[in-house]
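Please read the structure below before turning to the comments.
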Amino acid sequence: MNEAVKAIIERSSCNKYKPEHLKKEEIDLIVKAGLNAPSGMNRQCQRLVVVQNDAMVKKLSAMNAAVMGMDGDPFYGAPDVIIVLADKSSGTYLYDGSLAMGNMLNAAYGMGLGARWIHRAKEIFASEDGKALLKEWGLEGDLEGIGFCIVGYPDMPMETKEKVPGRVVYVD
C-alpha cells in the first residue's frame, strides 16, 4: 500500500504527549503540508500560527478550557500548537481551513508524531482577547479560527480505532 494512503487510513488522534518541543524541521514539514492543502479557486485563505512558547501554549489552553467551562487542559499536554485561521472573504474559507488541518494531522501521523484537532478556535479568536492576540501577531483581515492542531511526540501507543460501518453507499 502507498505510504501516504497507509498513513491516512491508520491515522489516530493522540491524547498524551512527551514534553519536548518538536524540531523546527518537523514543524516546518507539518506546516508545509497544511499550506499545500486544496483551497477554493486557489485563494489560499488559510493562515497558520505556530506556537512553541510554553507560556502562550498554556494561555491558549486556558482560553480554550474557559470556552468549555472546564479547568483541565484541552490540549492534552501537547507542547506545540498550530493554529488554523482562514480569511472569511473567501466563500470556501471553512472548508479550506479544514483541509489544511486534515493535511497537517495526516502529515504528523505519517512522520510518527502525535496530533489532534482541538475545536473552539472560532470562539477564542472572535473574543476581544483573541482579537488582541491576532493583532499582537500581526494578523489582519476578517479571520475566523478554524481549529488548533496540537502536535508533539506521542507518549502513548498510536492505535487505529475501529470505524463505524455502514457509512458508504455505492451507486452503480
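The values are calculated or read from the model by the stated rules, or taken from the named source; none is laboratory data. For clarity, every value in this text was computed on a predicted model and none was experimentally measured. For neighbour counting, all protein chains shown are included, and Cβ atoms are generated from backbone atoms with ideal geometry for every residue, glycine included. Quick note on the areas: whole protein, heavy atoms, side chains included, nothing else; ligands and nucleic acids left out. Shrake-Rupley method; radii C 1.70, N 1.55, O 1.52, S 1.80 Å.
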Of all stretches in the chain that avoid GluC sites (Glu not before Pro) placed in a DSSP loop and having at most 16 other Cβ atoms within 10 Å, the longest is 21-139
Rg and Dmax of the chain, Cα atoms only, in Å | 16.3, 55
Counting only protein heavy atoms and using a 1.4 Å probe, what share of the accessible area of the chain belongs to carbon plus sulfur, as a whole percent?
-> 53
Which cross-chain or sequence-distant (5 or more) residues have an amide H under 5 Å from the amide H of Arg116, H modelled 1.01 Å from N in plane?
-> Cys14, Ile150
Which of the trypsin sites (Lys or Arg not before Pro) found in segment 1-67 are in a DSSP loop and have at most 10 neighbouring Cβ atoms, other than their own, within 10 Å?
-> Lys23
Leaving ligands, DNA and RNA out of it, rank Thr160, Thr92 by accessible area with a 1.4 Å probe, largest first.
-> Thr160, Thr92
Between Met68 and Val171, what FRET efficiency follows from the Cβ-Cβ distance if R0 is 41 Å, with the result rounded to 0.05?
-> 0.55
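Based on alpha-carbon atoms only, what is the radius of gyration of segment 1-63 relative to the globular estimate 2.2 N^0.38 Å?
1.41
Kyte-Doolittle cut-off -1.0, length cut-off 20 Å along the helix's own axis using Cα: show which whole DSSP H helices in the chain pass. Could you put the intermediate results ahead of the total?
Working: long enough: 54-68 (21 Å, 0.63); 93-110 (25 Å, 0.23).
Qualifying helices: 54-68, 93-110.
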Which value in nm describes the separation of the simple spin-label points at Asn53 and Lys163, placed 7 Å from the Cα toward the beta carbon?
-> 4.1
For the chain, report the accessible area per residue in Å² (1.4 Å probe, heavy atoms, rounded to an integer).
-> 58
Pairwise Lys count, the chain - Cα closer than 21 Å, eight or more residues apart or different chains = 24
